[in-house]
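Visitor: Have a look at the structure that comes next, please.
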Amino acid sequence: MIFENLNVKRISIHEVFEREADRKRKQPSYAEALERLHVDAIAEFRQRVTAALAAEQKSLQMRIIRHGPGSHLYDVQELVAAADTDFLSISRRVPDRLADVQLSQSIPGGVVLVFDGTVGAGNRRYVGVIKAEKHSGFRRYRSRDATFTEFLDDLFLTPTQRLYKIGMFVEVSAGLAPPNGWDAYVFDTNISKSHREAAALYFYDAFLGCGLMEDGAYETARFFDLTKDFVRRSGFSRDQKQDLVDALHTFVKTETANTFSSNEYATQYLPADAHDAYRAFMESNRFPSRAIVRDITQMGQRLRRRRFRFGSDIELSVSTDALNSHDVVIETGAASDFGGEGSDPWTRVTIRHSMTDER
């Protein structure tokens with residue numbers, strides 16, 4: 001969705017606090033009235049929100065998972081229909097829910113802005129939430145007699161600030177049973193299109209009740225990268241690691257089934273005693289156990305070429321076709337196996353072609 005024509009109707013500003021050593025929940029500080037911002041402040045606020053949600057590398061559309069009483073969507077539906085006095089009281093549920101899910105001391109407190117209005121050419125109703133960490137800075141101002149420098153320790157949403165998150169729920173069709181009729185978007189300075197899992201789980205999942213969209217191309221590429229990383233980190237022998245990576249290329253590129261799962265790869269190729277470790281590894285990296293749509297359109301060179309490193313100074317780049325046709329054969333063994341002396345590990349690379357170029 002293109003977030004243009006963003007109009008802001010109401011804003012309430014609350015604050016949540018990080019937990020201390022006792023890990024007890026701290027009561028949020030609630031707004032006592034709706035904000036009455038100057039027209040310039042509203043224009044700047046609109047620009048910040050629009051720019052953030054338009055940043056494709058940091059903004060994602062999400063699936064709405066929870067929508068019953070107590071969920072964020074449930075409150076959103078009440079907020080868009082509320083009178084001003086009710087909007088203020090209902091908006092206090094938002095910092096309450098955020099304080100509930102910020103269980104770790106490592107999660108900082110911050111200012112929580114709850115706002116609504118309309119967006120887009122169709123003036124669709126929305127409710128937005130911003131969590132912005134506070135920071136410090138200086139302000140210069142001039143009085144009639146002198147110029148002063150003032151230290152401020154409660155700044156937020158300044159142009160250079162990067163530590164904030166936005167949740168945006170937009171009504172795309174009225175009158176449908178929830179979560180139908182609503183789209184959800186999340187902006188988080190930590191995320192990127194190639195690493196969506198960097199988004200704060202407590203914010204989009206526990207707080208907003210959302211989940212990542214299913215995306216076959218992204219998930220296929222991520223399955224490949226995670227599984228290759230698991231094999232690389234494992235205690236398998238060099239030959240086993242090469243065989244498992246060969247199998248991974250075949251599993252992703254050559255298999256014809258429309259869907260696959262990480263469990264299928266484990267069952268077909270991993271030793272039985274590695275299944276639990278692999279499953280735990282994938283779960284710890286938030287990779288889904290469900291079936292994934294096989295889509296290699298985002299794999300690029302990863303499936304077309306293999307790169308091998310020998311020691312610190314030697315690298316070999318080979319197409320997967322050359323490996324599969326045995327035009328290039330890589331063997332490992334003791335030095336004595338290849339005409340040397342002793343048992344030091346050596347590698348023999350056989351290339352069934354003459355050298356044609358040097359770069």
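Visitor: Using protein chains only and a probe of 1.4 angstrom, how many square angstrom of I64 are accessible, to the nearest 10?
Guide: The accessible area of I64 comes to roughly 30 Å².
Visitor: Treating only the Cα positions of segment 252-321 as identical point scatterers, give the base-10 log of I(q)/I(0) from the Debye formula at each q in 0.18, 0.25, 0.28 Å⁻¹.
Guide: Result of the Debye calculation: -0.94, -1.10, -1.14.
Visitor: Can you tell me the alpha carbon radius of gyration of segment 26-76 divided by the globular rule-of-thumb value 2.2 N^0.38 Å?
Guide: 1.59
Visitor: Using only Cα atoms and rounding to the nearest 10 degrees, what angle (0 to 90) does helix 39-54 make with the longest principal axis of the chain?
Guide: Helix 39-54 sits at roughly 20 degrees to that axis.
Visitor: Right, something else. Considering only protein heavy atoms, what is the solvent-accessible area of I296 at a probe of 1.4 Å, reported in Å² to the nearest 10?
Guide: The value for I296 is about 70 Å².
Visitor: Go from 0 up to the bin containing the longest alpha carbon distance in the chain, width 10 Å each, and give me the % of pairs per bin.
Guide: 4, 19, 23, 18, 15, 11, 7, 2, 0, 0
Visitor: Taking the Cβ-Cβ separation of S336 and T256 as r and a Förster radius of 35 Å, what is the calculated FRET efficiency to the nearest 0.05?
Guide: Here the calculated transfer efficiency is 0.20.
Visitor: What are the semi-axes of the equivalent ellipsoid for segment 58-102, taken as the square roots of 5 times the Cα gyration tensor eigenvalues, largest first, in whole Å?
Guide: 20, 14, 11
Visitor: Would you mind checking the pairs K165/K228; K24/K134; K58/K228; K26/K58 and listing those with alpha carbons more than 23 angstrom apart?
Guide: Listed pairs above 23 Å: K165/K228; K58/K228; K26/K58.
Visitor: For segment 302-359, place one equal point scatterer on every Cα, skip the solvent, and apply the Debye formula. What is log10 of I(q)/I(0) at q = 0.14, 0.22, 0.25 Å⁻¹?
Guide: Values, matching the q order: -0.47, -1.01, -1.14.
Visitor: How big is D for segment 1-62, in µm² s⁻¹ as a whole number, if Stokes-Einstein is applied with the Kirkwood radius of its Cα pairs at 37 °C and 0.692 mPa s?
Guide: This corresponds to a translational diffusion coefficient of 225 µm²/s.
Visitor: Per residue Cα convex hull volume for segment 1-138, in cubic angstrom?
Guide: Here the figure is 150 Å³ per residue.
Visitor: For the pair K228 and S354, what calculated FRET efficiency results from E = 1/(1 + (r/R0)^6), where r is the Cβ-Cβ distance and R0 = 30 Å, to the nearest 0.05?
Guide: Using R0 = 30 Å, I get an efficiency of 0.40.
Visitor: For segment 165-283, divide the Cα radius of gyration by the Kirkwood radius and give the resulting Rg/Rh value with two decimals.
Guide: Reported Rg/Rh (Cα atoms, Kirkwood Rh): 1.09.
Visitor: Could you compute Rg(Cα) / (2.2 N^0.38 Å) for segment 225-344, with N its residue count?
Guide: With N residues counted in segment 225-344, Rg over 2.2 N^0.38 Å equals 1.19.
Visitor: Taking the Cα centre of segment 270-320 as origin and charging only Cβ (+1 Lys, Arg; -1 Asp, Glu), how large is the dipole, in debye to the nearest 20?
Guide: In total the dipole reaches around 300 debye.
Visitor: Quickly estimate the mean residue ellipticity at 222 nm for the chain, helices only: each DSSP H run with n ≥ 4 gives -39500 (n - 2.57), and the total goes over all residues, rounded to 500.
Guide: Computed mean residue ellipticity for the chain: -8000 deg cm²/dmol.
The values are calculated or read from the model by the stated rules, or taken from the named source; none is laboratory data. Given the structure is predicted, the values throughout are model-derived calculations rather than measurements. Please note: Cβ atoms are built from the backbone with ideal geometry, for glycine as well, and neighbour counts cover all protein chains shown. Surface accessibility is based on the protein's heavy atoms, side chains included, excluding ligands, DNA and RNA. Shrake-Rupley method; radii C 1.70, N 1.55, O 1.52, S 1.80 Å.
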